[in-house]
Structure formats: C-alpha cells, structure tokens
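Let me begin by presenting the structure, written as structure tokens, before commenting on it.
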Amino acid sequence: MPQDNDHGQTIAPIQGSRIDAYVDRYAARATGMVASEVRALFSVASRPEVVSLAGGMPYVTALPLDVVGELVADLVARRGPVALQYGSGQGDPHLREQICDVMRMEGIEANSDDVVVTVGSQQALDLITRIFIDPGDVVLAEGPSYVGALGTFSAYQARVIHVAMDSEGIVPESLAQTIYALRSAGNRIKFLYTIPTFQNPAGVTLSAARRQQVLEICQRADVLIVEDNPYGMLGFDGEPMRTLRADNADGVVYLGSFSKTLAPGFRVGWALAPHAIREKLVLAMESAVLSHSSFTQLAVGQYLATQPWREQIKAFRELYRERRDTMLSSLEALMPDGVTWTRPGGGFFVWATLPEGLDSKALLPRAVAERVAFVPGTGFFADGGGARHMRLSYCYPEPDRIREGVRRLAGVIGQELRV
Ligand code: PMP
C-alpha cells in the first residue's frame with residue numbers, strides 16, 4: 001500500500017513481494033528505521049474528498065511563483081557556472097552571511113563561520129545525531145516531539161526520554177528531575193532536543209521565564225541543547241520570541257530553515273553551532289553529500305537579496321493566523337464536551353486531547369471513512385504514549401475546508417462518545 005510521510009505526501013509502494021529478502025542482512029541500526037503503522041492510512045488522506053488536517057505542508061501557493069521563476073532564470077543566466085558547480089561542504093559563504101541577518105531578528109548575534117548550510121533542518125538533525133549518538137545514548141525531548149526527529153534518533157539507536165510539557169512548554173522541574181534520575185542510573189545524556197517556539201506537534205511556546213530556567217538547568221548539568229526553530233518567525237502576535245541560542249552561544253546548537261518562511265522545495269536549512277561542533281558537522285556533511293546544492297543555495301540567496309522577504313513572511317503569518325482562528329473557532333463551536341486543545345500563538349499545529357477512554361489511533365479509520373484525517377498522538381512519542389491525543393494542522397487547507405474538517409471530526413468523536 002502507498003505510504004505518506006509527515007507532510008502528507010505519498011511514498012511509492014514497493015512492487016512485487018512484500019516479504020523482505022534482505023531482512024537478515026541489514027545493519028542493526030536499520031531495525032530502528034520503521035514506518036509508523038498509521039502512515040498507510042494517510043494515502044487515503046490525499047484523495048480530494050478527504051479534508052486532511054494531518055500533513056504539515058506549508059502553503060507555498062501563496063508565494064509569487066512568477067517572481068521565483070524569473071529569479072531562477074536570472075540565476076542561470078548570470079551565475080550558471082557557479083550555480084551548477086560543486087560548492088563548499090559548509091555552504092555558500094554569502095548565504096551564510098544572509099542567514100546571520102535572518103537570525104538577528106530572533107536575537108542571535110552569530111559569525112557566519114559558525115553556520116553550516118544543510119538540506120533542510122532535517123539533515124542538520126541527522127548530522128547532529130550522527131556525530132553525537134552511540135547506540136543506547138540518551139536524548140531528552142519534549143513529550144510529544146517532532147516525529148521526524150524521533151525517526152532520526154531511532155535510526156541511530158538513541159534512547160529517547162521524554163520530558164513533561166504543558167501549555168508553557170517544557171516543565172523545568174521535570175527536566176531537572178529527569179536529568180538527575182538518568183545520571184544517577186549511570187546514563188549518558190547527549191543532548192536535549194527542544195522546539196521551544198510554536199512546537200510541532202503541540203503548538204505551545206516555552207515562556208520567557210522558563211527559557212531562563214531551561215538554560216540554567218542545562219548549563220549546570222552540562223547538557224547540550226539542540227534548539228529546533230523552524231516556526232519561530234511565524235508568530236501571530238508581536239515580535240519573534242528570543243531564542244535560547246541568543247542567551248547561550250556555547251551550549252546551544254541552533255537549527256533554522258527556509259522551509260516555512262520561503263519554501264521547503266529548496267531544501268535549505270542550517271545549523272549554527274559552537275566552533276568545535278561546527279567542524280564535525282562540516283565533516284559529516286561532506287561524507288553525506290559532499291556539498292549542498294549550489295543551485296538552491298544561490299536561488300535562496302538571490303531571493304533574500306532581491307525580494308521583500310520580510311513582507312512575504314508577514315503575508316504567511318496573516319494567512320496562517322486566519323487559518324488558526326478558523327480552526328480554534330470551529331473547535332469551540334463543534335467539538336463535544338470533554339475534548340480540549342492548545343491555542344497556538346504561531347506555527348502550524350493544534351494538539352487536541354480526547355476524553356478518557358478514547359483512542360485516537362482507533363478513531364482514525366472511522367475519521368477517514370467520514371473524509372477527514374489527522375495524525376494520532378502516538379507518532380509523537382518514542383515510548384508509546386499519546387493515545388488520547390491528536391495533531392490537527394491548519395497550515396494547508398483553506399478556511400472553509402478547515403471548518404468542514406472539524407465538523408466531520410467532531411461528528412466522529414461525538415458518535416464514539418455515544419457508544
Ligand atoms: N523540525 C521541525 C520541528 C519540523 O516541523 C520540520 C518540518 N516538518 C523540520 C524540522 C524539518 O524541516 P526542513 O527539513 O524542511 O527544514
């Protein structure tokens with residue numbers, strides 16, 4: 001059966017026999033590379049009659065595509081021989097300067113020499129994990145956490161231990177206790193992976209007060225922080241949140257991406273890391289892909305240099321704010337009593353909690369039959385938790401489809417509560 005990734009796109013089915021003839025030959029780490037059991041159902045979600053609240057795809061249709069086309073043609077005409085050539089393993093130097101300008105908006109003062117351009121922030125996650133994790137090493141992560149990061153950690157045989165979070169983000173006391181308990185039992189904690197702003201999947205943001213506490217706890221315990229911030233610029237109210245990296249240059253690896261502020265198809269993200277880690281990242285990058293695509297790096301660089309990108313981010317924010325508002329008001333109007341949800345101040349996702357006794361994974365086939373899809377909460381936990389939760393995305397469907405999707409989902413949950 002075809003499968004879908006986290007963003008709702010179909011992965012081609014394996015032709016022929018479903019029995020894997022190579023099963024006894026894979027490396028041990030390949031056993032950690034498993035498709036989630038609910039992925040198969042998502043292929044149904046791409047049918048036009050199904051409202052998908054499942055995928056996390058940015059609404060790239062809102063971009064001025066003609067401008068992007070002209071920019072790419074101009075790039076080939078003016079800088080073709082550079083754009084079509086191999087580049088540096090660390091990334092284009094001019095783009096790295098531009099990335100520093102982008103990060104300045106979130107309080108980060110950085111030297112472009114400490115930036116590594118990666119194939120989306122997903123590759124940065126892979127490289128970080130590759131250079132730090134031996135099988136069995138512990139990674140701390142919010143519970144719930146980003147499914148793509150959990151997949152990478154699992155592929156490198158890390159042991160993910162979740163830290164509690166609530167509507168203000170990660171709970172500092174839980175973080176301190178978890179570190180203490182793990183260390184007392186002789187575990188090696190390699191880093192804390194956190195998405196402090198407009199978290200995927202929970203939609204919550206770490207409060208300013210807690211940011212300082214998290215930094216202090218990790219500094220005191222000597223735990224490296226990996227701060228993943230692809231949604232930071234997509235806040236609906238006020239200025240971007242100050243990042244963790246802004247207040248600690250030595251103990252934080254910061255991951256950024258143009259996937260949500262421009263377009264994921266360019267596959268341009270980055271890591272900003274303390275100098276020694278940056279050197280390892282470049283070596284790991286070179287061994288993985290020699291160098292990132294010069295073509296897309298220069299295209300993004302040209303976009304930043306010639307287009308009103310801050311205005312475009314503002315337009316994205318307005319678009320996503322309207323969709324967030326539609327989702328929240330629809331949930332308010334239509335969901336049965338006992339269902340609760342988060343109220344994101346930015347980003348793409350709402351995290352809903354079902355009444356005691358309901359299981360979101362069991363609900364999914366019934367929801368799909370009623371032509372609405374979501375992601376069950378269990379995909380966002382490494383330890384099988386999350387059964388009463390679901391992630392609802394408002395980034396891609398138009399507002400009237402969001403309303404209709406919530407109406408269908410509320411109907412399915414209502415029915416379930418009545419039986
Ligand atoms: N981190 C988080 C939290 C994400 O939500 C995503 C995309 N869904 C990524 C990283 C990876 O994004 P990209 O590789 O496109 O930059």
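No lab work stands behind these numbers, since they all come straight from the coordinates. Owing to the predicted nature of the structure, the values given are computational and were not obtained by experimental measurement. In this analysis, Cβ positions are derived from the backbone assuming ideal geometry, glycine residues included, and neighbour counts consider all displayed protein chains.
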Calculated FRET efficiency, Thr306 and Asp134, Cβ-Cβ r, R0 56 Å, to nearest 0.05? 0.80
Calculated P(r) of region 196-265 - Cα pairs past 20 Å, %: 30
Everything considered on the Cα gyration tensor (a ≥ b ≥ c; rounded for a/c under 1.5, else prolate if a/b is larger than b/c, else oblate), the chain must be described as rounded
Does region 292-331 come out rounded, prolate or oblate, given a ≥ b ≥ c as the square roots of the eigenvalues of its C-alpha gyration tensor, rounded meaning a/c under 1.5 and, failing that, prolate meaning a/b above b/c? oblate
Cα→Cβ-extended label distance, 7 Å offset, between Asp250 and Asp20, nm: 4.4
Give the peptides 269-275, 19-25 in descending order of average Cβ contacts within 10 Å, highest first. 269-275, 19-25
With no solvent and one equal point scatterer per Cα, compute the Debye intensity ratio I(q)/I(0) for region 211-338 at 0.09, 0.10 Å⁻¹ and report its log10, rounded to two decimals. -0.39, -0.48
What net charge do the residues around Arg29 carry, taking every other residue with its C-beta under 14 Å from that of Arg29, with Lys and Arg at +1 and Asp and Glu at -1? 0
Indicate the gyration tensor shape class of region 121-192 (rounded, prolate or oblate), computed on the Cα atoms with a ≥ b ≥ c the square roots of the eigenvalues: a/c under 1.5 is rounded; otherwise a/b larger than b/c is prolate and the rest oblate. oblate
Rh by Kirkwood over Cα pairs, then Stokes-Einstein D for region 44-202 at 0.890 mPa s and 25 °C, µm²/s: 127
Unit charges on C-beta of K, R, D, E only; dipole of the chain, Debye: 600
In whole Hz, what ³J(HN,Hα) sequence does region 71-81 give by Karplus (6.51, -1.76, 1.60; θ = phi - 60°), x for Gly and Pro? 4, 5, 5, 5, 4, 5, 5, 8, 10, x, x
Which value in nm describes the separation of the simple spin-label points at Ser329 and Arg407, placed 7 Å from the Cα toward the beta carbon? 1.5
Based only on the alpha carbon positions, what is the Kirkwood hydrodynamic radius of region 150-227, in angstrom? 13.1
Less than 26 Å apart at the alpha-carbon level, and either on another chain or at least 8 residues along: which lysines does that give for Lys260? Lys314
So which trypsin sites (Lys or Arg not before Pro) in region 157-221 pass both tests, a DSSP loop state and at most 13 other Cβ atoms within 10 Å of the Cβ? Arg188
Within region 48-111, DSSP-loop GluC sites (Glu not before Pro) with at most 11 other C-beta atoms within 10 Å are Glu49, Glu109
Apply the Debye scattering formula to region 346-408, with a single equal point scatterer on each alpha-carbon and no solvent, then give log10 I(q)/I(0) at q = 0.23, 0.25, 0.26 Å⁻¹. -1.02, -1.14, -1.19
How far is the Cα center of region 178-218 from the Cα center of region 355-411, in Å? 27
Can you list, bin by bin at 10 Å, the percent of alpha carbon pairs in region 263-374, starting at 0? 10, 24, 23, 22, 19, 2
Summing -39500 (n - 2.57) over every DSSP H run of at least 4 residues in the chain and dividing by its residue count gives a helix-only mean residue ellipticity at 222 nm, to the nearest 500 deg cm²/dmol, of -13000 deg cm²/dmol
Can you grab the distance from the C-alpha centre of region 281-332 to the C-alpha centre of region 38-108, Å, no decimals? 6
